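See structure below.
The values are calculated or read from the model by the stated rules, or taken from the named source; none is laboratory data. Nothing here was measured: the structure is a model prediction, and the numbers come from that model. Ideal geometry is used to build each Cβ from the backbone, glycine not excepted, and the neighbour counts take in all protein chains shown.
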Amino acid sequence: MLNNAGQVVGTAQGAQGPILNLRWEADGSFTRLADLGGLAHGTAMHAEALNDHGVIAGHAYTPDLRQHAATWDATGAIRRLEEPADFLESAATDINDSGVAVGYVGRYSTNRAVRWDRDGRATFLEELPDALRSHVYRINDNGEAIGEIAFSMYHSVGVRWDAEGKLKVLKSKDGPAGGSDINNRGTIAGVSFDPATHTYVAARALRCCDFRPMQGASPDSRIIDVNNRDVFLGSNKIDGKVETVRWDNTGGMTVLRPAPGTTDKSVYQLNDAGVAVGSSDRHAAYWDASGVGQHLPVESDIRQSYGTAINNSGHVLGMTVDWDGIRLATVWK
């Protein structure tokens, strides 16, 4: 994870040593993140989100191997977030720049979507009658969140909660819809049902909560990211081939092409300038407004690299792998 201050959260491990959870500052110095004394699946914690003030949200394990929602402050200290009475576990999935986190609390087979204020106090988000469980995935800086409510294993609906925790069901004129991301304008990116093909297609809701398909959206197209200028990154089938595409804020679509001399690509995220990052033929790359990939520079001893995140300063976070197989977290500036 990379924020707009240039801070990075991730893990490090020596040849035989334990997995260390760390936050790196923009100058390369690092802070080790505290835990709750437990260890599950080889790690003591999972970081899920990092805000622009360096506060981290996720979950950590206690010695009884239960997971509990937590945040980590600028010193790396951990704070366990409140779990309402009778709930045994929890996890935070996102945090905004005001320090408000969202996630879920669980007991047995039931999960409830919650919001934690900056002091760690939990509030249940509104549910629908007969709901079996609810999950919240993302929150923006205005306190608006998206997620889903399930009524059975086979039936769920996408929802948006406002800053007061009140919900609205996501929909399109033709049926249900679901959200995958929300920006600070309140625009929701996701999918909506297409009755003509009986599939879901890439769609957006510029105002809560009615979705419209993206221009030229094919059956089973998807959106994976939306920036704060309503530019979208996703996938779409064109001439029978699934392509990575960028839709601009007027709906126009640009296909993201591999870097010159390469044939394959993977693209993961874009910043508010519309620059996307990923890899092209096993080498880190970025895509500007032209849609043509350009490789990021690496040293001669690097055989593989990829970019995974980009901030609004244009810094790229990723990984490099040398010829001995050593993997190193890398930031391009």
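Data for the structure
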| read-out | value |
| --- | --- |
| Unmet criterion (only one of (1) closer than 27 Å to Arg212 by Cβ; (2) surrounded by 17 or more Cβ atoms within 10 Å (Cβ to Cβ); (3) not assigned by the TED database to the domain that holds Ser218) for Gly293 | (1) |
| Answer residue from the range 74-111, given it is of a type in the set (Asp, Glu) and in contact with a strand residue (DSSP E or B) (Cβ under 7 Å, 6 or more places away or on another chain) and is farthest from Asn183 (Cα to Cα) among those | Asp86 |
| Of residues in the range 146-205 being crowded, with 20+ Cβ neighbours inside 10 Å and of a type in the set (S, T, N, Q), the one modelled with the lowest pLDDT | Ser172 |
| Residues of the range 9-36 classified as free of Cβ contacts under 8 Å to residues at least 40 places away in the same chain, touching a strand residue (DSSP E or B) at 6+ places or on another chain (Cβ under 8 Å) and of a type in the set (Gly, Ala, Ser), total | 0 |
| Any hit, the range 265-276, residues being in a strand (DSSP E or B) and free of Cβ contacts under 8 Å to residues at least 12 places away in the same chain | no |
| Some residue of the range 234-241 being more than 26 Å from Val191 (Cβ to Cβ) and either assigned to a strand (DSSP E or B) or touching a residue at least 40 places away in the same chain (Cβ under 8 Å) (or both) | no |
| Test: residue in the range 300-319 that is among the small types (Gly, Ala, Ser), without any contact (Cβ under 8 Å) to a residue 24 or more places away in the chain and out of contact with any Lys or Arg (no Cβ under 9 Å at 6 or more places or on another chain) | yes |
| Test set (1) under 23 Å from Gln294 (Cα atoms); (2) more than 21 Å from the chain's Cα centre (by Cα) - Phe232 fails condition number | (2) |
| Those strands (runs of 3 or more DSSP E) lying entirely in the range 1-82 with at least 1 residues within 21 Å of Tyr137 (Cα to Cα) and in contact with a Ser or Thr (Cβ under 7 Å, 6 or more places away or on another chain) | 45-50, 56-61, 67-72, 78-80 |
| Residues of the range 298-333 classified as touching an Asp or Glu at 6+ places or on another chain (Cβ under 6 Å) and under 19 Å from Gln13 (Cβ atoms), total | 1 |
| Extreme residue, farthest from Glu89 (Cα to Cα), among residues of the range 123-144 that are of a type in the set (Gly, Ala, Ser) and assigned to a loop (DSSP other than H, G, I, E, B) | Gly143 |
| Matching residues in the range 72-87 - criterion: being of a type outside the set (D, E, K, R) and either modelled with pLDDT of 95 or more or touching a Leu at 6+ places or on another chain (Cβ under 8 Å) (or both) | Trp72, Gly76, Ala77, Ile78, Leu81, Pro84, Phe87 |
